[in-house]
Amino acid sequence: MKEILNKIQELRKKDSSNFKILGEYIKDLDEEKYNYIIFRLKKQIEIVEKYKPKVRPAIDPMVSMELGVYRRLDDYELGKLLNYPECCIKSFAEDFRIGIDSEHLKEAEEIKEKFSNAYAIILPSGFIPCSLKCEKSWKRNLIAVVTEEEYYKILELERKLKEKLPHFHGAYDEYYEKIILK
């Protein structure tokens, strides 16, 4: 999450050929809105660091909204900002894969067989990987298998984030996608 914060702060300061649309958008934010984004993102980082989850949660809904995630300003740039692998960005943007589907659920069964104490597969809400077996996503800590104990810590983290960073985005109830394996 700190990497996302750093990218946003860098985009505010200078031009970036990798983020033409998002870079301009962030530069054009009025100071109050920009400071609000940074404040909420830092607060989220502070909370998340106490829990040390295997997978980072989705970024705060208010930050997402202000960055144009829901308006899909540019799927590729937003995916790069959020550290998603290019294969997953392409799957989302070009193949219109917008949710966990039956293919993912088949893969979840295969993954379940490899981990004896697996309770769930978790990933940040809104992140739809090209495959649950995407090695790049696993290496970037965007997908992980968790035990039952770790799963309940994830739920606790989500409750804390909702409490400390209230928002009014009705479609954004959770910070994690969860595929229960038990």
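Potential lengthening of the chain between LYS2 and ASP173 amounts to 59.3 nm, from the contour at 0.36 nm per residue minus the alpha-carbon distance. Taking θ as phi - 60° and the Karplus parameters 6.51, -1.76 and 1.60, the scalar couplings of the stretch 128-144 work out to 10, x, 5, 7, 5, 9, 4, 4, 5, 5, 5, 5, 8, 6, 9, 9, 7 Hz in sequence order, x denoting glycine and proline. Judged by the gyration tensor of its Cα atoms, with axes a ≥ b ≥ c, the stretch 1-180 is oblate; a/c meets the 1.5 cut and b/c is at least as large as a/b.
Pairs over the 22 Å Cα-Cα cut-off, from the set LYS43/LYS133; LYS14/LYS52; LYS106/LYS182: LYS43/LYS133; LYS14/LYS52.
Surface composition of the stretch 1-146: carbon and sulfur atoms hold 51% of the protein heavy-atom accessible area at a 1.4 Å probe.
Against the main long axis of the alpha-carbon atoms of the chain, helix 148-164 sits at an angle near 30°.
The modelled label-to-label distance between GLU163 and ARG12, using points 7 Å beyond Cα along the C-beta direction, is 2.8 nm.
Simple spin-label estimate for LEU29 and GLU149 gives 3.8 nm between the two label positions (7 Å along the Cα-to-Cβ direction from each Cα). Accessible area per residue for the chain is 55 Å², calculated with a 1.4 Å probe on protein heavy atoms, without ligands, DNA or RNA.
When the pairs LYS80/LYS139; LYS2/LYS33; LYS139/LYS162 are compared against a 23 Å limit on Cα-Cα distance, LYS139/LYS162 fall above it.
Full extension of the segment from GLU110 to ASN141, taken as 0.36 nm per residue of separation minus the current Cα-Cα distance, would add 9.2 nm. Residues whose amide H comes within less than 5 Å of that of ALA120, counting only those at least five positions distant or on another chain, are VAL146, LEU181 (H built at 1.01 Å from N in the peptide plane).
The values are calculated or read from the model by the stated rules, or taken from the named source; none is laboratory data. Here the structure is a predicted model, which means the values were calculated and not measured. Here the Cβ is made from the backbone with ideal geometry for all residues, glycine too, and neighbour counts use every protein chain on show. Just so you know, the surface numbers come from the protein's heavy atoms only, side chains and all, with ligands and any DNA or RNA stripped out. Shrake-Rupley method; radii C 1.70, N 1.55, O 1.52, S 1.80 Å.
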